[in-house]
Structures are given as C-alpha cells and as structure tokens.
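For reference, the structure discussed in these notes is given below.
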Amino acid sequence: MSGNSAKAILKALKENRLISLFQPIVSVQKLDILGYEALVRGPSDKAWHSPQMLFSLAEKYGIGSKVEISSLYAHIKRHHKLGLRGKLFLNLSSRCLSSSEFDVADLVNEIGKTEITPDKVIIEITERHPVHDFVPMISILQELRHHGLKIAIDDLGAGYSSLRQWSEIRPDFVKIDGHFVENIHEDSVKRQFVRSICEIANNIGSSVIAEGIETEEELDTIRSLEVDYLQGYLVARPQRKPIRHIPNRLKQFSQNTPYLVNEQQVRALGKPTLTVSPSLTVKALSEAFYKDKSLRVAVVLENRKPLGIITRNSLQQLFSSHYGRDLYGRKPVTLIMNEEAITVNEETKIERLSNQITTNNDSLPDEYFVIVDKKERYTGIGSLIDLLRSVTDFRITAAKHANPLTLLPGNLRINQHIDSLLSAKESFVLAYCDVDNFKPFNDTYGYARGDDVIREIGQLLTRFSQQDQDFVGHIGGDDFIVIFRSIDWETRCRDLLDHFQESAIRFYDDQHKKTLGITSIDRTGKQQFFDIISLSIGVVQVNYKHFTSHKEVASISSEVKKQAKRIQGNSLFIDRRCYENVFVALDKSPEMPTNVVPINPKK
C-alpha cells in the first residue's frame with residue numbers, strides 16, 4: 001500500500017462510492033425492530049473494502065475523520081432513500097467527535113434534508129482510540145442532545161475506558177460487547193456481568209443492547225436477563241437492503257401470550273422515614289428508635305444523597321452483643337450502616353424492580369431499599385413487603401379482569417389505564433380496532449375458528465405495539481383498543497393492517513379463498529355476499545387538556561370507529577380534530593369532517 005491508497009479513498013468519497021449496510025436492532029421481548037445500525041464498506045472492487053482496512057488506511061494517512069463524516073452523510077441519505085422506519089444508529093469515534101472537522105450544525109443540517117427527525121438518530125460512540133480528556137467530548141454530546149439526537153456507547157466492556165465513558169456520558173443506549181454474549185448460556189460469569197449492566201442501566205435510564213446474538217440459546221438467555229434489545233446474525237446480517245420484518249424462524253421465540261402492563265413506578269412505594277447525618281452517634285440514633293416505636297429504618301444522608309441505612313433489627317442485634325453498646329455508642333452511624341442497600345430510581349417500574357430482586361441468586365437483599373430521583377437524591381424508603389404486595393395485587397387484579405380468550409386486559413384495566421394517563425397529564429393516541437364481516441364468518445365456520453381469528457388479532461396488536469410504551473386491551477368480542485405513546489403509532493397501524501390483509505385469508509376454506517368471501521345470511525335475514533374479514537381502525541389523538549375521564553375518550557373513539565367501518569376493506573381512519581370542548585364535539589358527531597383523514601391501504 002502507498003500514498004495512492006489515500007488518493008483512492010478520497011476519490012471514492014468524492015464520487016459517493018462508500019457502501020452503506022444496515023443491520024436491524026430488535027426488541028428482545030417482542031422481536032420488534034427498533035431501528036438499524038448503519039455500517040460502512042469501501043467499494044467492492046477495492047482491497048480496502050472491509051471497514052477494518054478502510055479505517056486503518058484512512059487513519060494512517062490522516063483522513064480518518066473525513067472518512068467517518070462522509071460515512072455519516074452517506075448513511076443518512078441511504079436510510080432516507082430506502083424509506084427505513086425506526087431509529088438510525090450512526091457510528092462515530094471519540095477522536096472524530098472531538099476533531100475540528102466534525103461540526104454538529106452540519107450534521108443536523110444533513111438530517112434536516114430528509115424525513116428523519118433528530119430524535120430518531122443515535123450517535124454511537126466507538127472505541128478505536130482511548131479517551132484521555134472527556135471535557136471536549138461531553139460538550140459536543142450536550143450540543144447533539146440539545147438538537148434532539150440520542151447517544152449510545154458501543155462495545156461496553158471491550159474498549160479502553162468504556163465504564164468511565166458510561167459514567168461520564170450517561171448514554172441513552174449501551175451496547176454490550178459480543179464477547180459477553182457468546183455462549184452466555186454456558187457461562188455464569190457472563191450472565192452475572194450482563195445482569196449487573198442491566199441493573200445499572202435501569203437506575204440511570206439507559207437501554208441495553210446485546211450485540212453478537214448468533215444462536216437460539218444465546219437469545220433465550222438474553223431474554224431471561226431482561227436485556228432491552230439485541231443485534232446479531234441470528235436476526236439478520238448487515239445488508240444493503242435490510243429486512244423490514246422479523247424472520248419467521250424467530251417468531252417461535254416471541255411471546256405468544258399478550259402482556260399485561262404494570263405502569264406503576266417505584267415512587268408509589270416510597271414512604272418517609274428518619275434521615276440522619278453521617279456524624280450522628282450510634283447512641284443518639286438508638287435513642288431515636290427508642291422514642292418512636294413505629295420507626296423501622298433510618299437513612300444516612302450527606303448532601304441529600306443516601307450513604308446507607310440502619311434498621312431497628314440490626315441496631316438491636318448490635319446492642320444485644322457483649323460490649324456492643326460500649327464499643328459503638330459514641331461512634332458515628334456510618335460505622336454500622338449498611339452501604340450495600342439497594343438504591344433504585346423512583347421512575348423504575350415496580351415489575352422490573354421485582355424481577356431484578358428475584359433473579360439475584362447471590363443473596364437475599366435487605367428488607368428495605370432506598371428510592372432516589374434522577375440526580376440520585378433521596379426521596380423515600382421502600383420495603384420488600386410493600387413491593388411484594390403491590391406486584392401480587394396487580395397480578396391478581398390483572399388476571400381477574402383479563403379477557404379469558406386473549407389474556408389481554410379487559411374493560412376495567414383499559415379504563416384505569418386511560419384515567420391514569422389523563423391524571424398524569426400525558427397525551428396519547430387511542431386506536432379502536434374492530435373486525436369487519438366477523439358475524440357471517442362466525443356463522444359459517446363456527447365459534448372455534450372465530451376464536452382463532454380473535455387470538456390472532458390480539459397477538460398482532462401486541463406484536464405491532466411497543467411493549468415499554470403502548471397498552472393493548474380487549475374490550476370484548478371482536479373489539480380491541482391500543483393506547484399508543486410510541487411516536488410512530490401511525491406506521492405501526494399501517495404495518496398491522498398490511499399484515500392482517502395477508503393473514504386473514506388463511507382462515508378461509510379453499511372454495512372461499514377463490515371467491516374472496518362467503519355467502520351468508522345478513523342481519524335482515526337475506527342472503528348476501530361478504531368479503532374476506534378486514535380490520536377497521538379508528539384513531540383519536542387524545543390531548544389530556546381536553547379530556548377528564550375514560551368515558552369522554554370512549555364516546556369520541558366509538559364515533560371514530562364507526563367512521564372507520566364505513567370504509568370498505570382494511571382501513572385506518574384518523575380523527576385530527578382538536579377537542580377544546582369534548583361535549584361540543586360529541587354533540588356535533590360529524591358524518592365526515594374535512595379534517596378527518598380516512599386511509600385505506602388496500603382492499
């Protein structure tokens with residue numbers, strides 16, 4: 001190789017000959033595509049086609065940053081041209097990020113030329129070089145975040161300073177290096193490492209992506225450890241035209257049972273308790289416990305941040321020992337406090353905390369845990385008894401009010417969920433789904449096959465919603481609702497209709513497949529031809545400022561669903577009215593307002 005290689009690389013950049021490949025990143029629990037990581041290759045007719053050779057030569061000749069930046073722009077353009085949905089992960093080395101050649105405004109401007117919104121772009125910091133000074137890089141990352149972009153750390157555990165990077169950057173996504181995933185089902189140390197990473201990530205608000213998934217055994221193990229997302233050859237290799245749906249061979253791993261969402265956060269378990277300074281003596285604390293018989297635990301705080309806890313039981317055991325009171329009475333409480341007590345962010349879901357505690361095989365944790373805010377400041381104390389009671393009560397209630405056919409939450413849970421969102425001042429999108437021509441289908445084939453259709457729809461709704469954001473409910477019969485908080489809800493509805501369009505016909509016998517429908521008795525007692533069953537979706541965009549209860553939301557959504565059913569075939573009917581006064585809107589009940597958009601993807 002010679003300096004001619006540098007000229008050849010620069011020429012390839014100028015001629016836009018770099019190749020963009022995309023590899024999907026998938027939700028572990030639902031096998032739903034989150035987005036794609038963009039990977040660069042040199043021209044296929046060059047010796048430096050591989051990324052390793054390309055960047056090795058580029059760095060040798062001092063054009064590494066130029067190649068990286070050109071790759072970013074090529075990926076953005078290609079992603080837009082392919083019309084890929086979801087997030088776009090773009091690799092950028094820490095050296096390039098801090099170089100004078102990289103300009104945040106230029107990147108944001110390039111993104112603005114496409115339909116990709118900045119919040120869907122994730123800058124993935126790679127570790128080809130050690131980071132000696134984090135200050136310049138942190139400043140640039142803050143600027144990227146200011147424009148709405150997200151940050152990820154690549155190959156956690158493999159590079160020069162990944163754990164420190166994690167601490168300094170506080171990324172939105174953390175990628176676990178493939179080394180810790182390879183044969184993880186056979187290695188307890190790797191499992192513990194991944195479990196610990198997930199626990200830390202949950203506490204600071206990062207999502208975890210496991211790289212290098214190549215076997216079904218690895219996938220099963222990763223799912224059991226509650227990793228958020230996965231990436232690897234088991235799903236798909238990097239391709240110029242990547243897959244847009246999960247391969248059939250992986251569907252057996254998806255959860256066939258729809259999920260019941262426990263939205264309650266740990267903050268609901270928080271209770272006030274005595275807080276003390278690190279300098280307080282053990283004797284003084286003992287007197288506080290003696291005076292207040294209801295006091296069970298004290299938290300040691302310094303600058304509002306917890307250092308540890310001391311329980312009544314542990315103090316009693318200490319003072320009951322020989323010379324315990326004499327030895328420790330005048331000592332500071334920091335000498336006897338439990339520094340290993342669990343500390344958990346107040347926004348953590350109760351279900352997730354329960355899973356973390358019950359999957360910890362090393363030891364049973366203390367009976368109390370400390371609750372903190374995003375800045376790690378103390379907000380309250382929680383107990384394992386209250387945690388267990390909350391989880392148990394939710395599961396009993398959920399099971400009691402779930403639809404027995406689909407196991408999806410029924411009307412009570414649906415109403416509670418809507419009311420909880422409105423109370424929390426959260427806007428959402430409600431999609432009311434109803435099956436067209438379902439009665440004649442049932443009359444012709446019987447309820448057993450009708451139940452198969454209902455179960456299929458429940459599973460499809462679960463599959464095409466985002467588990468950590470959306471809520472799927474079964475009103476009854478062939479009526480379902482999805483409460484969307486995922487921003488790409490319209491895309492999910494369209495994908496759902498496309499998929500149901502393809503799958504619905506398989507429920508029919510061959511003779512009816514040929515005629516694309518059946519002849520049956522209508523509601524007036526006359527024979528009529530009915531098309532293949534289809535799905536009508538009526539969508540209401542619910543602004544919490546304009547609704548006060550689930551009853552108002554239900555009234556509007558029922559009207560919109562009726563409009564959707566007037567459209568033949570699979571249909572998506574979106575009501576874009578703004579309900580400043582929901583009761584006025586209900587009185588009007590327009591036939592087809594001009595600001596309502598009906599969409600019929602296919603008949």
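The values are calculated or read from the model by the stated rules, or taken from the named source; none is laboratory data. All values reported here derive from a predicted model rather than from experimental measurement. Every residue, glycine among them, receives a Cβ derived from its backbone with ideal geometry; neighbour counts consider all protein chains shown.
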Q) Here are some conditions: (1) closer than 22 Å to PHE22 by Cβ; (2) outside any helix (DSSP H, G or I). SER100 meets all but one. Which one does it not meet? A) (1)
Q. Of everything in region 316-333 that's at pLDDT 90 or above and under 18 Å from VAL297 (Cα atoms), which residue is surrounded by the fewest Cβ atoms within 10 Å (Cβ to Cβ)?
A. PRO332
Q) What number of residues within region 276-323 are closer than 15 Å to ALA341 by Cα and assigned to a loop (DSSP other than H, G, I, E, B)? A) 1
(Q) For ASP45, only one of the following conditions fails: (1) at negative phi; (2) in a loop (DSSP other than H, G, I, E, B); (3) touching a residue at least 12 places away in the same chain (Cβ under 8 Å). What is its number? (A) (3)
(Q) I'd like to check something: does region 478-501 contain any residue that is touching a strand residue (DSSP E or B) at 6+ places or on another chain (Cβ under 9 Å), within 14 Å of PRO440 (Cα to Cα) and at pLDDT below 95? (A) yes
Q.
Go through region 559-577 and report how many residues are assigned to a loop (DSSP other than H, G, I, E, B) and surrounded by 21 or more Cβ atoms within 10 Å (Cβ to Cβ).
A. 1
Q: Among what's in region 441-495 and is under 20 Å from ARG244 (Cβ atoms) and among the hydroxyl-bearing types (Ser, Thr, Tyr), pick the residue that is surrounded by the most Cβ atoms within 10 Å (Cβ to Cβ).
A: SER465
(Q) I'm checking my understanding of the structure. Among residues of region 79-101 that are in contact with a Ser or Thr (Cβ under 7 Å, 6 or more places away or on another chain) and either surrounded by fewer than 18 Cβ atoms within 10 Å (Cβ to Cβ) or under 22 Å from ILE487 (Cα atoms) (or both), which one is modelled with the highest pLDDT? (A) HIS80
